[in-house]
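The values are calculated or read from the model by the stated rules, or taken from the named source; none is laboratory data. Keep in mind the model is a prediction, meaning the values are calculated, not measured. Please note: Cβ atoms are built from the backbone with ideal geometry, for glycine as well, and neighbour counts cover all protein chains shown. When the accessible area is computed, the model is the full protein with side chains, heavy atoms only, and any ligands, DNA or RNA have been set aside. Shrake-Rupley method; radii C 1.70, N 1.55, O 1.52, S 1.80 Å.
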Amino acid sequence: MGASSILPDLGTEILIPVCAVIGIAFSLVQWILVSRVKLSPGRDSGAPGNNGAAGKNGYADYLIEEEEGLNDHNVVVKCAEIQNAISEGATSFLFTEYQYVGIFMVAFAILIFLFLGSVEGFSMKSQPCTYDLSRMCKPALATAAFSTLSFLLGAVTSVVSGFLGMKIATYANARTTLEARKGVGKAFITAFRSGAVMGFLLAANGLLVLYIAINVFKLYYGDDWGGLFEAITGYGLGGSSMALFGRVGGGIYTKAADVGADLVGKVERNIPEDDPRNPAVIADNVGDNVGDIAGMGSDLFGSYAESSCAALVVASISSFGMNHELTPMLYPLIISSVGIIVCLITTLFATDFFEIKAVDEIEPSLKRQLIISTVLMTIGIGVVSWIALPPSFTIFNFGDQKLVKNWQLFLCVAVGLWAGLIIGFVTEYYTSNAYSPVQDVADSCRTGAATNVIFGLALGYKSCIIPIFAIAISIFVSFSFAAMYGIAVAALGMLSTIATGLAIDAYGPISDNAGGIAEMAGMSHRIRERTDALDAAGNTTAAIGKGFAIGSAALVSLALFGAFVSRAAISTVDVLTPKVFIGLLVGAMLPYWFSAMTMKSVGSAALKMVEEVRRQFNTIPGLMEGTSKPDYATCVKISTDASIKEMIPPGALVMLTPLIVGIFFGVETLSGVLAGSLVSGVQIAISASNTGGAWDNAKKYIEAGASDHARALGPKGSDPHKAAVIGDTIGDPLKDTSGPSLNILIKLMAVESLVFAPFFATHGGLLFKIF
């Protein structure tokens with residue numbers, strides 16, 4: 001046991017912040033490269049005198065535009081106008097949302113302080129440690145204060161991550177459209193680079209803030225590492241509670257606009273998707289940014305923060321924490337730092353090493369990103385496990401210490417990493433229109449919307465099978481090797497390539513927006529085809545991103561559950577006791593209740609939107625002819641108001657359940673609720689995301705008409721196409737509101753229970769104490 005790690009503590013203290021800073025610097029470089037695409041109309045690059053300076057690009061591009069018969073000046077001005085409208089809408093929505101969320105944040109912070117402070121009656125004296133009664137530790141009041149602080153830190157970091165992501169996406173969307181005039185490769189690189197800006201900023205920020213917080217808290221806690229890392233768990237809670245509101249609010253916003261725009265525009269009026277005559281079209285494009293980008297960013301940041309916190313909590317009561325070995329203690333952070341470097345190399349493969357020339361190279365290139373990052377990361381984890389861990393050590397396992405070797409921990413992380421890749425590819429198989437499942441769904445549209453819905457639901461349920469086995473195997477392997485710590489690092493393994501995952505994920509909404517801008521600016525058919533191809537690939541990658549988020553959420557919440565059970569001093573969770581079993585039943589019901597709330601919110605908001613869009617088509621003269629402009633602002637306002645109002649009840653359900661159960665029914669029932677919600681939430685989340693994704697791509701498959709089969713199903717406006725649009729509309733709230741929010745529900749309840757565990761363990765279970 002005496003052998004320490006190869007990497008000295010000083011090395012760790014340099015490595016982590018340096019990697020984080022490299023990540024931030026890399027994202028700034030990508031941002032500068034994106035900003036080189038100019039949004040102000042300039043004719044200089046095309047002028048013959050400049051031909052030498054502009055090189056091969058200037059003159060040739062100028063010729064393409066002439067062929068397209070486009071007045072360059074007008075198009076650029078129009079793109080800039082539309083981008084401005086989208087950016088303003090998104091910014092104003094997020095500010096409104098953050099005002100409400102800010103009030104909640106302060107209230108919840110006070111709640112954390114009062115509950116945790118009251119564990120020992122707000123005393124300032126040192127207490128015997130929870131896990132080692134012979135030593136003295138800092139008072140509960142300190143843990144309360146620092147938990148509150150780290151909660152606020154996590155919340156602010158989460159909000160900033162989402163906001164920056166949205167800013168970058170609205171900055172890049174019109175630039176992607178303009179680049180599409182030069183060919184699909186240029187447009188792809190612009191969209192992908194801007195996705196990378198968000199991915200690296202988020203991964204590096206999350207890591208840096210967490211590392212700084214640990215070091216600052218250490219000034220007070222000194223040698224009491226158990227207390228220190230217990231206080232750090234607030235960081236994960238803050239990250240995820242903001243993500244919940246971002247995801248639910250953004251999801252309701254985007255889908256109300258999308259469903260409203262599709263139903264009136266495509267089904268009733270027979271106008272194309274992002275037609276500028278449709279009043280809801282700006283709201284729809286704003287929605288892509290606030291839901292898919294700001295929401296997704298906060299969500300994955302939350303997962304990342306929580307898996308780090310879960311690993312750190314378990315490690316702090318294992319030999320790393322007991323013997324105060326800094327390097328192995330910060331092993332989770334070292335994995336993330338190496339992940340940033342690995343993703344940096346991977347990104348270069350997409351933007352610099354291989355060039356995309358044709359439409360059918362887009363999806364393989366994005367898939368290559370996943371494979372390259374996973375392979376490189378496996379090597380990275382091997383090296384880290386060898387230099388940052390002692391050859392053998394012990395891990396806390398429900399009361400006793402379990403002996404673990406460093407290669408076993410390497411396998412735990414690697415199994416999580418590869419399980420993530422498998423889940424990503426299975427998701428892709430079920431949601432990409434290149435494979436038979438989606439083509440079967442498209443085929444079923446021949447007999448109308450009903451068969452389309454039946455096939456789509458069946459596809460979603462079936463798509464759960466392999467991901468669940470992958471999660472199950474990784475849980476079994478990692479738990480057998482390193483107990484709960486193994487599961488926490490497996491979740492970290494899945495999230496270690498978060499920068500690449502997020503880049504691929506943010507790429508989707510950016511190219512979706514680019515297509516919308518091309519349509520609204522009245523660009524030619526050829527450009528719209530290019531942006532559509534980018535968008536179809538983006539749809540699949542978004543589904544892959546959701547798969548990752550759900551898989552990691554399952555592992556994270558199990559790890560948090562383990563930490564909660566240890567902290568609440570429960571030795572076994574016995575399903576045969578009535579207290580636990582009723583918890584299981586209620587917990588398994590919660591995802592359904594939550595989904596019902598979010599789906600209904602989308603439905604009622606979409607209803608208002610449909611009425612408004614119809615009203616405008618009927619009352620504004622010359623709207624269909626295109627001689628007068630629709631009133632976009634009213635539609636944006638409808639979406640904003642609906643989502644702010646409707647995000648409160650689902651949010652309250654998730655935030656209050658652990659508190660109510662813990663206070664009135666105690667920790668055993670709460671452990672049942674957590675297990676139940678994890679087990680049922682994962683299934684619904686996977687099936688909802690994949691069903692929605694498949695319906696969306698079945699519609700795109702018919703619209704693109706790329707094969708004989710697709711052409712047989714008809715052009716836009718045919719009966720099978722209308723059936724596909726209906727399926728897509730039903731799938732919208734499933735894949736973008738309920739599905740993605742469920743993984744936050746699973747994690748959030750677990751991390752909240754962990755933060756409040758000391759309080760529940762001393763004061764919980766009021767009802768059972770009375771009887």
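Annotations for the structure displayed:
- Condition check for Lys546 on (1) in contact (Cβ under 8 Å) with a residue 24 or more places away in the chain; (2) closer than 18 Å to Glu179 by Cβ; (3) among the basic types (Lys, Arg): one failure, at (2).
- Flag for Gly651 being on the phi > 0 side of the Ramachandran plot and in contact with a helix residue (DSSP H, G or I) (Cβ under 7 Å, 6 or more places away or on another chain): no
- With respect to being assigned to a helix (DSSP H, G or I), of a type in the set (A, V, I, L, M) and either modelled with pLDDT under 90 or touching a strand residue (DSSP E or B) at 6+ places or on another chain (Cβ under 8 Å) (or both), Val75 fits the description.
- Check on Met589, touching a Leu at 6+ places or on another chain (Cβ under 9 Å), modelled with pLDDT of 90 or more and either of a type in the set (A, V, I, L, M, F, W, C) or part of a helix (DSSP H, G or I) (or both): no
- Among the residues of segment 396-431, just one is open to solvent by less than 30 Å² (accessible area, probe 1.4 Å) and of a type in the set (D, E, K, R), namely Glu428.
- Of the helices (runs of 4 or more DSSP H) lying entirely inside segment 420-515, those containing at least 1 residues that are at pLDDT below 95 and in contact with a strand residue (DSSP E or B) (Cβ under 8 Å, 6 or more places away or on another chain) are 465-495.
- Flag if Gly291 is over 30 Å from Met520 (Cα atoms), small (Gly, Ala, Ser) and not in a loop (DSSP other than H, G, I, E, B): no
- Considering (1) of a type in the set (A, V, I, L, M); (2) part of a loop (DSSP other than H, G, I, E, B); (3) in contact with a Phe, Trp or Tyr (Cβ under 7 Å, 6 or more places away or on another chain), the lone condition that Leu228 does not fulfil carries the number (2).
A quick yes/no check of all residues on (1) open to solvent by 20 Å² or more (accessible area, probe 1.4 Å); (2) modelled with pLDDT under 90; (3) under 30 Å from Arg193 (Cβ atoms); (4) in contact with a strand residue (DSSP E or B) (Cβ under 8 Å, 6 or more places away or on another chain):
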| site | (1), (2), (3), (4) |
| --- | --- |
| Asn539 | yes, yes, yes, no |
| Ser601 | no, no, no, no |
| Ala606 | no, no, no, no |
| Val610 | no, no, no, no |
| Tyr632 | yes, no, yes, no |
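- Number of positions in segment 722-742 that are open to solvent by less than 10 Å² (accessible area, probe 1.4 Å) and over 22 Å from the mean Cα position of the chain (by Cα): 4
- Pairs where the first residue, in segment 509-521, is within 23 Å of Lys546 (Cα to Cα) and the second is hydroxyl-bearing (Ser, Thr, Tyr), C-beta under 7 Å, 6+ apart: Ile510/Thr176; Ile510/Ser194; Ser511/Thr176; Ser511/Thr531; Ala514/Thr176; Ala514/Thr177; Ala514/Thr531; Gly515/Thr531
- All of Gly666, Gly714 fail the test of being on the phi > 0 side of the Ramachandran plot, modelled with pLDDT under 95 and assigned to a helix (DSSP H, G or I), apart from Gly666.
- Condition check for Ser40: at pLDDT below 90, over 30 Å from Met322 (Cα atoms) and of a type in the set (S, T, N, Q): yes
- Those residues of segment 510-537 which are of a type outside the set (A, V, I, L, M, F, W, C), open to solvent by less than 10 Å² (accessible area, probe 1.4 Å) and within 21 Å of Gly295 (Cβ to Cβ), in sequence order: Ser511, Asn513, Gly515, Gly516
- The listed residues are Ser92, Ser87, Ser45, and the only one of them that is at pLDDT below 55 and assigned to a helix (DSSP H, G or I) turns out to be Ser45.
For (1) open to solvent by 40 Å² or more (accessible area, probe 1.4 Å); (2) of a type in the set (A, V, I, L, M); (3) in a helix (DSSP H, G or I); (4) within 26 Å of Ile570 (Cβ to Cβ), each residue gets a yes or a no:
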| site | (1), (2), (3), (4) |
| --- | --- |
| Thr96 | yes, no, yes, no |
| Tyr100 | yes, no, yes, no |
| Phe104 | yes, no, yes, no |
| Phe108 | no, no, yes, yes |
| Leu116 | no, yes, yes, yes |
| Ser123 | no, no, no, yes |
| Ala142 | no, yes, yes, yes |
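- Any chance Asp641 is of a type in the set (Asp, Glu) and under 16 Å from Val673 (Cα atoms): no
- Scan of segment 371-405 for residues that are more than 24 Å from Glu325 (Cα to Cα) and in contact with a Phe, Trp or Tyr (Cβ under 8 Å, 6 or more places away or on another chain), ordered by number: Ile372, Thr374, Thr378
- The set of residues from segment 311-356 being modelled with pLDDT under 90, over 30 Å from Gly183 (Cα atoms) and outside any helix (DSSP H, G or I) comprises Ile317, Ser318, Asn323, His324, Glu325.
Quick grid of which residues meet (1) surrounded by 24 or more Cβ atoms within 10 Å (Cβ to Cβ); (2) basic (Lys, Arg); (3) touching a strand residue (DSSP E or B) at 6+ places or on another chain (Cβ under 7 Å):
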{"site": "Gly222", "(1), (2), (3)": "no, no, no"}
{"site": "Ile232", "(1), (2), (3)": "yes, no, no"}
{"site": "Gly249", "(1), (2), (3)": "yes, no, no"}
{"site": "Lys255", "(1), (2), (3)": "yes, yes, no"}
{"site": "Glu268", "(1), (2), (3)": "no, no, no"}
{"site": "Asp284", "(1), (2), (3)": "yes, no, no"}
{"site": "Met296", "(1), (2), (3)": "yes, no, no"}
{"site": "Ala310", "(1), (2), (3)": "yes, no, no"}
{"site": "Ser319", "(1), (2), (3)": "no, no, yes"}
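Listed here are the residues, each with its yes/no results for (1) surrounded by 23 or more Cβ atoms within 10 Å (Cβ to Cβ); (2) charged (D, E, K, R); (3) under 23 Å from Gly764 (Cα atoms).
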site: Val156; (1), (2), (3): no, no, no
site: Leu201; (1), (2), (3): yes, no, no
site: Leu207; (1), (2), (3): yes, no, no
site: Lys218; (1), (2), (3): no, yes, no
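- Evaluation of Thr451 against the conditions (1) touching a Phe, Trp or Tyr at 6+ places or on another chain (Cβ under 7 Å); (2) open to solvent by 10 Å² or more (accessible area, probe 1.4 Å); (3) β-branched (Val, Ile, Thr) shows that the sole unmet condition is (1).
- Residues of segment 560-581 that turn out to be surrounded by 21 or more Cβ atoms within 10 Å (Cβ to Cβ), in contact with a Gly (Cβ under 9 Å, 6 or more places away or on another chain) and modelled with pLDDT of 90 or more, as a count: 2
- Test: residue in segment 561-568 that is in a helix (DSSP H, G or I) and within 23 Å of the chain's Cα centre (by Cα): yes
- Residue check for Leu584: outside any loop (DSSP other than H, G, I, E, B), at pLDDT 85 or above and either more than 22 Å from Gly185 (Cα to Cα) or touching a Leu at 6+ places or on another chain (Cβ under 6 Å) (or both): yes
- Filtered residue count, segment 478-496, keeping only those that are of a type outside the set (A, V, I, L, M) and open to solvent by less than 10 Å² (accessible area, probe 1.4 Å): 5
- Taking the conditions (1) open to solvent by less than 10 Å² (accessible area, probe 1.4 Å); (2) under 23 Å from the mean Cα position of the chain (by Cα); (3) over 19 Å from Asp224 (Cβ atoms) in turn, Ser150 satisfies each one other than (3).
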